[in-house]
């Protein structure tokens, strides 16, 4: 961080945003005294918490003032049961046993975990673990609660549960709450102030959510900071002269509904029907209408961990055909079996014979090294797939295993380094890259071979908006060039804006396979799968005669009486939401033509 001057008032609920590496977590550690007491480095200026200078205050005393909840709650658990975990911090503060029992009961009630006292922590869901981590801090009765990306590992309903808890805590005006997130659309109406750091760790903007997002879109876009979907829609409408209020822009769905309702009242005659399909046309076929063999075909797949036949199956008679050239989103709650299914599809886990077919080949009949010719797999954690000491060698590794010639390897590696903006890091150790750079490298290592099927596990995990958008542009280009893309995700925006089909996995079984629009209309399946609808889908419910997928372009077209989104007419035109040219970040991957990317000679 550099030159940050910031004051937070008692009882405020502050949202801290910024791109990856901007210093958000470092700032959180400054609040708790981890910086400078435990984390080495140079500290200039002053940090005061509740009037106390953190450099002159012990961490023990600061622990009674500030509670910090980490992104991964498992990193801060030190005992085995819920009650003993909450008691641990209190015992270190020398709280009397009788009072400890009272505080445990109160904290669990505050987070909705009453009755969980004797539960083993390793049996809790991801959302329950996050709530327990919050309870551990609340029990110590801090004046300030700092929560660092609490929803990064959660499914949509787990996310909403944590946000609901934070909303309730925010009503207690005696406690200050600081939430660090990459985005949190559904919680903005509870936030008092939004603070944004830039890439260099400087304070970019601060103010109410409406002030920050509606008045500073250009600065946020340049830094790759998330802007709410409804605000981005309103910015486009304002740029084209279709927004009813030149100054006020929405940050929530309800605010947008009120404004758009006025807009539609002014121009009702142009919207007798809004649908991307002609009237009477058939619903889209989730199979893509393809008569060729599926790129990925799963037939009656069962899977369990361990040799014991009595153990519970992780996958149960899974049937799923993924057409060639499709973009499939595989979604479902935490623990549904998504990653297990993906690992069976790429040979990381061995499926039974004649249950998984790639490009028409039974996966079990292919030698391990040959599987990688047909399908690539990008792990959720990029570090899990790194095998060498440099970025260049990492890209070359798979090609060498497949006996490509030295000249061809060099050509493919150089082109891939350039395509993924990794040339300057060619000689760096992959483990020293930033998280966004590691994710780009993990995708690049799979694409350099040129497989026809790519399976990507949680591509947006731990990514800021800029890195997410850049990666999704790359995956969309691959899809448009004819490759088959399968993405495992909790991000419903990806499902709505990129996928042409979606499969829902619940308790190891396929519960739904169809279009994103049909899924968002199926509230029973959404509830069973712990999924939530994206904001634009919620907005579309309030738009008369709107049907089909609620994507940004279609919502814009609807609100302008069917006119074309100016961005779609000319990708090189200025962006209508800012009036400025698109930032360099939007051009991270320069090859934007709709063709099959050339990673080398055809196999």
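The values are calculated or read from the model by the stated rules, or taken from the named source; none is laboratory data. For clarity, every value in this text was computed on a predicted model and none was experimentally measured. All Cβ positions, glycine included, derive from the backbone under ideal geometry; neighbour counts span all protein chains shown.
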Exercise for the section: Scan region 191-226 residue by residue and report those that are farther than 18 Å from residue 250 by Cβ, within 21 Å of the chain's Cα centre (by Cα) and in a strand (DSSP E or B). Expected result: 195, 196, 197
Practice task
Go through (1) part of a helix (DSSP H, G or I); (2) in contact (Cβ under 8 Å) with a residue 12 or more places away in the chain one by one and return the number of the condition residue 71 breaks.
Solution key: (1)
Practice task
Just need a number here: residues in region 418-453 that are in a loop (DSSP other than H, G, I, E, B) and under 15 Å from residue 469 (Cα atoms).
Solution key: 2
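Take residue 398 and decide whether it is out of contact with any strand residue (DSSP E or B) (no Cβ under 6 Å at 6 or more places or on another chain), in a loop (DSSP other than H, G, I, E, B), touching a residue at least 12 places away in the same chain (Cβ under 8 Å) and assigned by TED's automatic domain parsing to the domain that holds residue 359. So that I can check it myself, show each step before the final result.
Numbers: out of contact with any strand residue (DSSP E or B) (no Cβ under 6 Å at 6 or more places or on another chain): yes; in a loop (DSSP other than H, G, I, E, B): no; touching a residue at least 12 places away in the same chain (Cβ under 8 Å): yes; assigned by TED's automatic domain parsing to the domain that holds residue 359: yes.
When the stated conditions are applied, residue 398 does not pass them.
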Fill in the blank from the handout: Among the residues of region 52-68, the number that are in a helix (DSSP H, G or I) and closer than 20 Å to residue 9 by Cβ is 2
Fill in the blank from the handout: Going through (1) over 31 Å from the mean Cα position of the chain (by Cα); (2) surrounded by 15 or more Cβ atoms within 10 Å (Cβ to Cβ) one by one, residue 320 fails only at (1)
Exercise for the section: Please work out if residue 99 is exposed (fewer than 12 other Cβ atoms within 10 Å of the Cβ) and outside the structural domain of residue 333 (by TED's automatic domain parsing). Expected result: yes
Exercise for the section: Could you please find all residues in region 145-164 being crowded, with 22+ Cβ neighbours inside 10 Å and either free of Cβ contacts under 8 Å to residues at least 24 places away in the same chain or more than 18 Å from residue 490 (Cα to Cα) (or both)? Expected result: 145, 146, 147
Practice task
Kindly indicate whether any position in region 16-23 is under 21 Å from residue 174 (Cα atoms) and assigned to a helix (DSSP H, G or I).
Solution key: no
Handout entry: Residues that are out of contact with any strand residue (DSSP E or B) (no Cβ under 8 Å at 6 or more places or on another chain) and either more than 17 Å from residue 146 (Cα to Cα) or part of a loop (DSSP other than H, G, I, E, B) (or both), drawn from region 37-51
Key = 37, 38, 39, 40, 41, 42, 43, 44, 45, 51
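Among the listed residues 369, 392, identify the single one that is assigned to a helix (DSSP H, G or I), modelled with pLDDT of 95 or more and farther than 30 Å from residue 312 by Cβ.
Details: 369 fails: modelled with pLDDT of 95 or more.
Checking each option against the conditions leaves just 392.
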Exercise for the section: Take residue 440 and decide whether it is buried (at least 20 other Cβ atoms within 10 Å of the Cβ), in contact (Cβ under 8 Å) with a residue 24 or more places away in the chain and under 18 Å from residue 472 (Cα atoms). Expected result: yes
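Please determine whether any residue of region 462-473 is under 17 Å from residue 332 (Cα atoms) and not in a helix (DSSP H, G or I).
Within region 462-473, not a single residue is under 17 Å from residue 332 (Cα atoms) and not in a helix (DSSP H, G or I).
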Fill in the blank from the handout: Taking region 193-219 and keeping residues buried (at least 21 other Cβ atoms within 10 Å of the Cβ) and out of contact with any strand residue (DSSP E or B) (no Cβ under 7 Å at 6 or more places or on another chain) leaves 213, 214, 217
Handout entry: Neighbours by Cβ (under 8 Å, 6+ apart or cross-chain): first from region 90-101, touching a residue at least 24 places away in the same chain (Cβ under 8 Å); second assigned to a loop (DSSP other than H, G, I, E, B) and surrounded by 11 or more Cβ atoms within 10 Å (Cβ to Cβ)
Key = 90/140; 93/64; 93/140
Problem - region 57-76, subset at pLDDT 90 or above and crowded, with 19+ Cβ neighbours inside 10 Å, residue farthest from residue 151 (Cα to Cα) - result: 62
Fill in the blank from the handout: The one condition residue 164 fails out of (1) farther than 25 Å from residue 469 by Cα; (2) assigned by TED's automatic domain parsing to the domain that holds residue 133; (3) part of a loop (DSSP other than H, G, I, E, B) is (3)
Problem - Unmet requirement for residue 182, which otherwise passes all of (1) assigned to a loop (DSSP other than H, G, I, E, B); (2) modelled with pLDDT under 90; (3) out of contact with any strand residue (DSSP E or B) (no Cβ under 9 Å at 6 or more places or on another chain) - result: (3)
Handout entry: Members of region 462-512 found to be within 24 Å of residue 304 (Cα to Cα) and under 13 Å from the mean Cα position of the chain (by Cα), listed by number
Key = 487, 488, 489, 490
